[in-house]
Structure formats: structure tokens, C-alpha cells
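Here the structure is laid out as C-alpha cells; the discussion comes afterwards.
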Amino acid sequence: MTWFDRFFEKTSRTAARLSSRRSVVGGIGALVAGTAIFPLLPVSRVRGEEVTNDPGDPSSCDYWRYCAIDGYLCSCCGGTHTACPPGTIMSPITWVGTCLNPGDNKHYIISYNDCCGKSGCGRCGCVRNEGDKPMYLPQAANNINWCAGGSADIIYNCSTAIIVGVDDDA
Amino acid sequence: MTWFDRFFEKTSRTAARLSSRRSVVGGIGALVAGTAIFPLLPVSRVRGEEVTNDPGDPSSCDYWRYCAIDGYLCSCCGGTHTACPPGTIMSPITWVGTCLNPGDNKHYIISYNDCCGKSGCGRCGCVRNEGDKPMYLPQAANNINWCAGGSADIIYNCSTAIIVGVDDDA
Amino acid sequence: MLKRPLLALLAALTFPGAAFSADLPEDPMGEVVTFSRQDHDRLVWVTDMNMPHQAHGRGYLIDPDTGAFLAMLDLGYWTTGIELPSDGARILSAETHFSRTTRGERSDVLVTYDAKTFQPLGEISIPPKRASVVKMQGTSALSDDDRFFAQMNFTPAVSLTLIDMDRNEFVAEIDTPGCPNVFGGGDRHFHLLCGDGTFLTLTFNDEGAVLNKERSDTLFDPFEDPISISGVRSGTHWYFVSLAGDLYDIEMDAEGVRLAATWPLISPDERQDEWSISGFQHLAIHRPSNKLYLLTHQGPPETFEDPGTHVWVFDLATQAKSDGYELAERTISIAVSQDDAPLLYGIGAHIPMPLLAQIWIYLTEGEAPLIETVQFGLDVYDAEDGSYQRTISQLGHLPSMIQPW
Amino acid sequence: MLKRPLLALLAALTFPGAAFSADLPEDPMGEVVTFSRQDHDRLVWVTDMNMPHQAHGRGYLIDPDTGAFLAMLDLGYWTTGIELPSDGARILSAETHFSRTTRGERSDVLVTYDAKTFQPLGEISIPPKRASVVKMQGTSALSDDDRFFAQMNFTPAVSLTLIDMDRNEFVAEIDTPGCPNVFGGGDRHFHLLCGDGTFLTLTFNDEGAVLNKERSDTLFDPFEDPISISGVRSGTHWYFVSLAGDLYDIEMDAEGVRLAATWPLISPDERQDEWSISGFQHLAIHRPSNKLYLLTHQGPPETFEDPGTHVWVFDLATQAKSDGYELAERTISIAVSQDDAPLLYGIGAHIPMPLLAQIWIYLTEGEAPLIETVQFGLDVYDAEDGSYQRTISQLGHLPSMIQPW
């Protein structure tokens, strides 16, 4: 859940207080009915979430492996959630997070290696910060450009989410 | 009038056909009344347009001198409509347009000198193309980066609108 | 840290019944997706000058059938696009870079990129005079055999840089006063569009030495109704449209440049109704069927660069309008794939909110908040009937050129 | 072309009664606005890493009272901000540039800009190891006499670059393993924040030679509740807040670094209600009144970087919360001017549409279209009561640091 979700969850409640929920929804409904351009249901939340042991859509910020990410999803940039786009190079080291996989209810250690050597992809920006730490604790810090030190230097393109193990302690 | 104005002028008519105008405005009115955050009147159109012999707001794309412009208004970037922002240099030559001044009903020749040496200001983008010609007619072409040839080279920051004369032929 | 997942993977392989409850395997580290043209039925490049962040000029490679964003190139300060040699193995880009990103010493280079790894294979220094202009068509050209690259210069003196791609060297800068835009047509010819309504044909030899400069007749009236620089080509014919909507069928070859035909794409009646050309790249051509596509909208003459709302289709053989449709999005550029079931590509100016929300904001706050939310994406349509297929969104700040590949 | 307007101007001056119907005068050509600090009661710099277009790192100079955007600086690839010497005559910026904008040879330089013309006065080459990180606080520091500049490096080995601004030269790269973030405190001291909860004080002489490295006691628990790097300073005291909301009053001087006091800014009850620190630059200080400002919002622990909705005001003398208000916009950074009627500055994440339109889009399409429309601007509030004054909008893509000047 991102700050937008949280904000609107809260704001929707506020709006419902300001005006009765019926009239707000009625107003929205009237407008939508007037055009029928967009569906009222939040369909974007449902698609692709079959229950498997690795559930979810790797090109969506909601995907479980992205629990500690801060960057552009390589899945939207010519790469995948575990591979860099053509023309870029994966940073050798990076920060790690620990994410709960709803498919098997286990915690996995995720390495968020950056892909480097092309400028910022700019697609599917995703900021989630579970367990993120200040940059003086770099092993858990997503505010650092981890392209530093790689052969493509600090030109940041996108971020991956690679399983490096199961966290039995979590 | 920009393409947005034209588009919405047309679209508003279409929307009024789709649903009766009363119900659209009613729906909007209900929503606005529910929050009262934003005024319904298009106030942005009125401000600063006193009738003088140089009427209008130089930080608005609607200002009469900008009739042939394509760029960021220097008035929003630390400069004015006739002067460059600190740290930039004015391109020595550029294209010219002919704009009607509603203050005295005369046509003026306007030189749209670019300000150069800092990256694109990005504020108050304004595209109007009265009399704009293809780039093989450079004296009237606003698609050219006129920073070319100046001492700050081709780094484009924003555009001015300088009166260089009255066009008695227009 | 490595051993546990490997064991889990082994366990999963050994006891397949337990696979679902076994740990997910460790992922390989350091992988990079390998691009292969053979994996795609169709491909398209979109080039973006990224205004106001011109140092991030970029090219985006897209599979229009899947909607996948495949790869990108960084193209330097204020790109005016790429050239695509017919071998499909290279991408050529004339670029400008500064020693301090947006200040300092300027270097202009012609970069060759590997079309599989998208890494630079090499670069050739060229005079630091490359033109930076908003419309990308006509700013560079390749000879028909891909050997010579021609680059438009503007300082504001107008000249042409000639580069030999076989010898990997800059050959010459040729003064071409009054004739900036360059078009291909022949192995040893380039054709330049001049401000007096003529074309200038440069003929050169295998060493790149200019043998002849031939000036055409006056082919159009640059003052009454100039042609747009956004031409499309089929064989020796280039098709241009004037600002008022007349088509100019212009033949360019070793003999020079001649007007083959001209006829209105926008009829007098339609002009009365203010139908106009639109956007940046307003013509597209489907060579197998000899069909021409015009991006159009309704608006007064000064709106010739406004986004288009409709596409009209013409049969070049009969000069007749055969079809037309409304686009799903306001569109600044179009192109068409060259296969038998062609796609129409459009760069759409998307406002990420429902239309009635847009109208509401327009009525209450004017256009400024809406303009600030415009985002450009590549819209894919069926070229036959204009039916909307999909959008590849989030393509930078001012993508304007579409090149099927 | 020149004579006619001059004549018109003369006519207007000679016959003032006719001025209104005379032609508008010709404007002077080539003018550049002259900046003078004396023309402004207050000034503020906003620094922008411009993600995803990091080559366009920039600084924006703003008059918060008039809302005027005054000038800008280009700061190279992935800027981490500027330093402002107390003389007000210079702006210092450690920058990274590449020979081909986003590839090629890397050059790191410390650039001195003239604070009147905003042109570079000179640059000093430094090791190409400058850290590129999202939060700008603690990435560089000036000695109290403005003579030495310290730059955080991350390759990912951690070190500190020391530059002598009097001699205009790079002095040394000092290994500081485990201690990346740097803070000022003294003329010949820098204080580094370490991953084990200590600080490392470097003492050096007039030549920049390190005389002593002094490690503090463990001042906080980096594993249970680390402090944010976004500290604010008053005299020898630096104030930091932990992720859970405890204030750490830390004294830094020639003697080293000591914990002066610690107390909760967010009470246990408030933590129960999920009040959290927010954004990037979440603390601000008004030194004349000894007031501390905390940016806050409600959300679970992992939201500590989410935009803030409220500001809480504390009296540093009594350690008591004296005030609090809701902000007009969701805010990622705050700062306060240092005059007697202070302004609170916030970088707001603006969505350019009415709130109910936002809710409508959120309900029908989810958050994605909204996130894509977020635009950052500098919001100006009365620091006393949080009343909203004005916004300076269109400030790039990720402005995050605010520095009153």
C-alpha cells in the first residue's frame, strides 16, 4: 500500500463526512453515467493476481517482491523483475529487503540490484520502504544509487528484485 | 487561443449533447458544492487584463506579444518578457512574428530572442504559431533553437518577445 | 546465503509433489535480457527530445503488438532523431554533448549503436554545428546504400556535414545557404529543401567529393503556402503536404528533383470548414498498398501544428480520399507499418483523467492545470479502420518521431 | 527597422498628450535581468535531482514573499545539493559530469558559482567518487569559517573528500569506513555519522592534514531505531529525529560529539495512533525562538518517507509541543526562515485537479493516473499558524532540499 492508497483511503472517509456518501457517489455516478467512458470498479487491482506460489504482476508496484523498493521497475523498461534491460549492466552489489510472499507465507531476502548505463527509464516508478534504513546502514538503504562502483558507473536506469534466499528468522 | 481552448470548446459542446447541459453542470455543481475548494468561475482569464496600450499579463501565454511563440516564457523563469534571466545570455538573432496589439489595434513586429546557457526552464510553456513557417524559412520559424550561434551555444532556457517595430503593412 | 535456496530447489526437483510448498528458488544474478529482432513481428522506434530536459534526448524501442517497451538509447542534448540502416544491425545518431552536461566544451559526434546490445560501437567527430530543431524530419539522411550519412547544420549559417560510414570518417562540410533540410534519394545524391521553393541536389563520388550541385525549378510557393518538412518516401517519390493541405508528389533521383504531381488533400469545402494539417509528423505512407495517411483536425491556419484528431486515407494511384477515421487520442505524429495488415502508430497527448474530469477542471480552472498533466504515449491502431489497439505510455516529455523498424 | 520605433518614442516623449495613441516603443535588445540580494527581504534555494532526468540536476532561487522564480543553476548528474557560504557571494556545488552526458568519462568537480551572475567562477577537480543518493542532507558540509568543503563519497567504499576553498585545491581523500554522512561543527572539524550509532570527528589543520580521528560513544541504537540523516543545526547543537520519532539533541564541536538530550517528539499515545515522521527533510528549526518543526502524518512504520500532512512545533527549551497545524498540501520537505516573522517552506506534491476529481479518478482507475500527475512546488506558509500563503509551482521532477539563503 503506497501513500496514495493511504491518503485516499483517509480522504474518501473525510469526503464522505463532508457530504453524505450517497450524494458524493451519486454525483460521481451521474457524471460517469453521462459518458460511460471509464468503468467505476477499480479493475486495475484485480488483474493477474492468481494464487500461485509467486503471485502477482511483476510490472505492478504491488508485487510482493517490491516491498522495499525505490525506483523504476525493470519489468516496464525492457528487462524483467530479475534481469536488466538490453544495453544496461546490473550493479554487482546493492541493498536487500525482506518481503513476505503471500503465495507460501514465507519471508524472502530480496536483493534490489540496479540496472545501470542508460538514463532513468521513467516508467513504473515504485516507492515502498518496508525495512528501509538510513544510508549510513547501506546494506538496507534504498536511497543510495547502487550503480556506484559498477562498470557503467552511476547512470541509473531501473531496479530489479532478485530472490537470494529465505529468511527463516523473520 | 491554444489547442486546449479549442479542444474544450468543442468537447464541451459534445458533452452537452451527450448528457443535457443542465445535468452535467448540475453534477459538477453538486461536487463543487460538496467541497467548495475551487471556485467555479474561470478567474484565471480575467486577472491583469486592464485596458492599456500594452494590455495583458506577460507571464501568461495569452499575452498578445506571444502570438507566434514556442517555448518557455522568460517572465516565469527569472527574466521578463524582454530580458533574460540572470545567468543566461540572449541569442543575437532569431525569428520574428507579427502580432496585433489589442491596446492600440496596431500590428507589431516581435523578435522572439531565446535566452541561452541554462537548461530548459520548464515553467510557463507556451506554444502559439501565428505566422510560423517551416524551418527552411528560418526568419519566421519558431521550431529552431535560436541559441545556435550565440556564445552560450545551444543550451536553451526560455524565450522573450521584444518589440522591434510596427508593421504598417499588416 | 546461496546454499539454502539451492537445496530447496533440489528438493523441489527431487520431490515434485512437494514443489508447491518448497521455497521459491534463488534467482540468477547479473542477468541482462537479450534482444533479438526475430522475436518480434513488428518493431517501432520513438524518438524524444525530452523538452525541457534536452540533455536526456532518447530513443525508445517498442513492440507494437505486445505493447512491450524493449530498450532505449541515450541520444545526447536536443536529439533530432536516429537513422536506421537497412541491415537492421546498426542505429546511427548524430549527437551533441557538453563537457559539463549543459555547459562547457561542445562535442558533436556521429554514434553507431549495435542494434542488438544497444551499446555504442564507435563514434566519428563531426563539426559542432548540428542543428537543434523541434521537428526531426529532414535533419539527417542516409544514402540509399547506407554508405553516406548527411547531417543538417545551423549556426545559423546553413551547411551539410557528410560522413562516410564505410571508412568511419567525416568527409566534408558543404555550404548549402538557404537549403537546410536534407532528404535521401540515390546512392550518391542528397536533396536539400530551399527557402525559395526549389531543391538543391548534391551529387558526390565514392570519396564523398561533391561533383555537382543542381538547383531544381521552383516547385512550390514558399510565401503563399510552404510545404511542411515532414515528407514520406516511396521509391524515388517523396510526398509533402503544404500548410494549407495540398499534396506535392516530388521525384528525387540522380537527375535532380521534379514535381510529379500536386493535388489537394484538403478540399476547398473542407478548408472552409477549417480542416487543417496537424502535429509534427502528419503524413504516413503504406508502400505495399500505395496509401497515404494524413493527420488532420479542425482549426484556423495557425493551428497547423496542433494535435490531430482524425486520420484521412488517400489512394495515391487515384488521388482520391478512400477512408477516414477519428483517433482515440489527440495525436502529434503518425506512422504506418509496412506489412499486409498494417498498424497505424500515433503519439498521443494523453491527459490521465476521464474526459468529464478534464472538462470540469477546464471550466473551473482553465487549461493550465490540464496542459501540465499531458503525457505522451505511443498509441497503436489498426491502420485499416482506425480501431484502437493499445497504448505504450510514459514515453518521456516530447516524443515526436516514429520510425517503423 | 530601428528608426521608426525610435521616432515613435521621441514623438511620445515630445507630445505626452499623444503618448497613449503613439506606437509602443522598441524594446532594448540583449538585456539580462540583474540580480541583487538587496532587492529581496527573504530568499530560498530549492534543489532538484530531477529524477528520472538526473543529468538535469538543478537549483532554483525563489523569493518566497513575491513568489518569483529568480534564477537557476545547472548542477550536473544526480545532484545532492549546494552549499551556501555565509558571505552570500558564492554558491558551491560538487558535481558529476560525463563526457557523453550519460556515458563516457566521468569528471567530478567542485564548482564555485557567482551568487550575482549565477555563472561558474571556477572548478576544482575531485576524485570521481561523489555519492549519488536520494536524500541530500549530510552529503556535504562546510567548515564554520567556510574555508574547507567536505564531500561524502560512496563507491560503495565510503570516504570523504576534503577541499580547501582558499587555495582552490583538492586536499585529500580520507577513508571513513562505515561513516558516510558528514556534518559541520567547527572551523577545522567535520563530524561523520557511522552505522554503529557513533560519530567520527575528524580534526585537521590549516593545510587540511588530518590531525585526529575521534570516535564518540554509541549515541543511538542503529538497529532498533536509527536516526534520520536530516538533521538541523543551531550553534554547536545538531537535532536529529529517529524513524520512530525520538529527538536526539547532539552536540558537535572541537571536543567531539556528545548526546546532550533525547526525548520523544511523538509520544507513545501518538505512536499508537500511527503518527510518524514524514518525507525527506522532516525537521526545521527557527533559531531566534529556539523552535523545532516536525513534518508528520499518520501511517505505519514503513511510511516514514511518505509525504507529511501536518507540522508539529516544539519549544526546544522546554521540550514541549507548543503548536501544530495541518498543511494545505502533502509535503516532502520543510524549512523555516530565520527572521522575526518566519515563513515555513514546504515542497508539496501537488495533483493539479480538485480533490473530488482526484477521489473520482482514484475510485475508478486507482492511484496510477494520479501518481503520474504529481507536480512538485514550493509552498509558503506562515510559520506561526501554518496559514497558507502561496505556491511556486513547476519546479522540476524531484525537488527535495530547501535552503533559506
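Nothing in this text is a laboratory measurement; each read-out follows from the coordinates by a stated rule. This structure is a prediction, so every number in the text was calculated from the model and none was measured. Here the Cβ positions follow ideal geometry from the backbone for every residue, glycine too, while neighbour counts run over all protein chains shown.
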TODO: Mind giving me the nanometre distance, one decimal, between the label points for C:Asp339 and C:Ala89, set 7 Å out from Cα along Cα→Cβ?
DONE: 2.4 nm
TODO: May I ask for the angle, rounded to the nearest 10°, between helix D:3-14 and the longest principal axis of chain D, with both axes built from Cα atoms and the value confined to 0 to 90°?
DONE: 90 degrees
Task: Shielding by other protein chains, D:91-104, mean Cβ within 10 Å - done: 6
Task: Alpha-carbon Rg with Dmax, taken over region A:64-166, Å - done: 12.6, 37
TODO: Scan around C:Ser333 for amide H atoms under 5 Å from its own, H built in the peptide plane at 1.01 Å from N, and keep only partners 5 or more places away or cross-chain.
DONE: C:Phe280, C:Gln281, C:Ile347
Task: Whole-Å distance, taken between Cα centres, linking region D:343-398 and region C:249-299 - done: 44 Å
Task: Using a 7 Å Cα-to-Cβ projection, B:Pro55 label spacings across copies, nm, ascending - done: 6.4
TODO: Taking a label point 7 Å out from Cα toward Cβ, give me the nm distances from C:Glu326 to the same spot in the other copies, shortest first, one decimal.
DONE: 4.1
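For each pair in B:Lys118/C:Lys135; D:Lys213/D:Lys321; A:Lys133/D:Lys129, compute the distance between the two Cα atoms and list the pairs where it is over 27 Å. Working shown, then result.
Working: B:Lys118/C:Lys135 22 Å; D:Lys213/D:Lys321 37 Å; A:Lys133/D:Lys129 22 Å.
Long pairs (Cα-Cα over 27 Å): D:Lys213/D:Lys321.
In peptide D:155-161, what is the residue-averaged number of other protein chain Cβ atoms found within 10 Å of each Cβ? Before the final figure, lay out each step's value.
On the way: counts 5, 11, 2, 3, 0, 0, 0.
For peptide D:155-161, the averaged partner shielding equals 3.
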Open item on the list: In whole Hz and in residue order, list the ³J(HN,Hα) couplings for region C:362-368 that follow from phi through the Karplus curve 6.51 cos²θ - 1.76 cosθ + 1.60, θ = phi - 60°; x for Gly and Pro.
Closed with: 4, 5, 8, 10, x, 7, 3
Task: Three-way shape label, chain D, alpha-carbon gyration tensor, a/c 1.5 - done: oblate
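Which of rounded, prolate, oblate describes region D:265-405, given a ≥ b ≥ c as roots of the alpha-carbon gyration tensor eigenvalues and a/c under 1.5 marking rounded, otherwise prolate only if a/b is larger than b/c? Intermediate values should be presented prior to the final figure.
Values: a/c = 2.22, a/b = 1.39, b/c = 1.60.
Cα axes put region D:265-405 in the oblate bin.
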Task: ³J(HN,Hα), Karplus 6.51/-1.76/1.60, whole Hz, each residue of region B:147-162, x for Gly, Pro - done: 5, 3, x, x, 6, 8, 6, 8, 7, 8, 10, 6, 10, 9, 9, 10
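Under 12 Å from the Cβ of A:Ile69, count the other residues' Cβ atoms, weight Lys and Arg +1, Asp and Glu -1, and hand me the total. Don't skip to the end; give the middle numbers.
Details: positive: A:Arg65, A:Arg128; negative: A:Asp62, A:Asp70, A:Asp114, A:Glu130, A:Asp132, D:Glu302.
Charge balance in the 12 Å sphere: -4.
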TODO: Tell me the label-point distance for the pair C:Thr66, C:Glu326, using the 7 Å Cα-to-Cβ offset, in nm and rounded to one decimal.
DONE: 3.4 nm
Task: Shape category assigned to region C:108-241 from the gyration tensor of Cα positions, a/c cut at 1.5 - done: prolate
Open item on the list: Along the Cα→Cβ direction, 7 angstrom out, place labels at D:Glu255 and D:Ala157. What is the inter-label distance in nm?
Closed with: 3.6 nm
Task: Whole-Å distance, taken between Cα centres, linking region C:136-152 and region A:57-106 - done: 40 Å
TODO: Go through region C:337-346 residue by residue and turn each phi into a ³J(HN,Hα) via Karplus (6.51, -1.76, 1.60, θ = phi - 60°); whole Hz please, and just put x for glycine and proline.
DONE: 6, 10, 8, 7, 10, x, 9, 9, 9, x
TODO: Sum -39500 (n - 2.57) across every DSSP H segment of at least 4 residues in chain D, then divide by the residue count to get the 222 nm mean residue ellipticity, nearest 500.
DONE: -2500 deg cm²/dmol
Task: Calculated FRET value between D:Asn205 and B:Asp167, using beta carbons and R₀ = 45 Å, to 0.05 - done: 0.05
Task: Cβ neighbours within 10 Å from other chains - mean over C:64-76 - done: 5
TODO: Could you sort C:150-163, B:115-128, C:269-282 so that the peptide with the highest average Cβ count within 10 Å comes first and the rest follow in order?
DONE: B:115-128, C:150-163, C:269-282
Task: Paramagnetic label zone (point 7 Å from Cα along Cα-to-C-beta, D:Arg287; backbone N under 17 Å) in region D:244-259 - done: D:250-254
TODO: Could you pull the copy-to-copy label distances for D:Asp87, with points set 7 Å along Cα to Cβ, in nm to one decimal and sorted shortest first?
DONE: 5.8
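Quote the FRET efficiency, to the nearest 0.05, computed for B:Thr52 versus C:Glu105 with a Förster distance R0 of 51 Å and r equal to the Cβ-Cβ distance.
Details: r = 47 Å, r/R0 = 0.91.
The computed FRET efficiency comes out at 0.65.
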- [ ] Once you have the Kirkwood Rh of the protein assembly as shown from its Cα pairs, apply Stokes-Einstein at 10 °C and 1.306 mPa s and quote D in µm²/s.
- [x] 51 µm²/s
Task: Reachable lysines from A:Lys106, criterion Cα separation under 21 angstrom, eight or more residues apart if same chain - done: C:Lys3
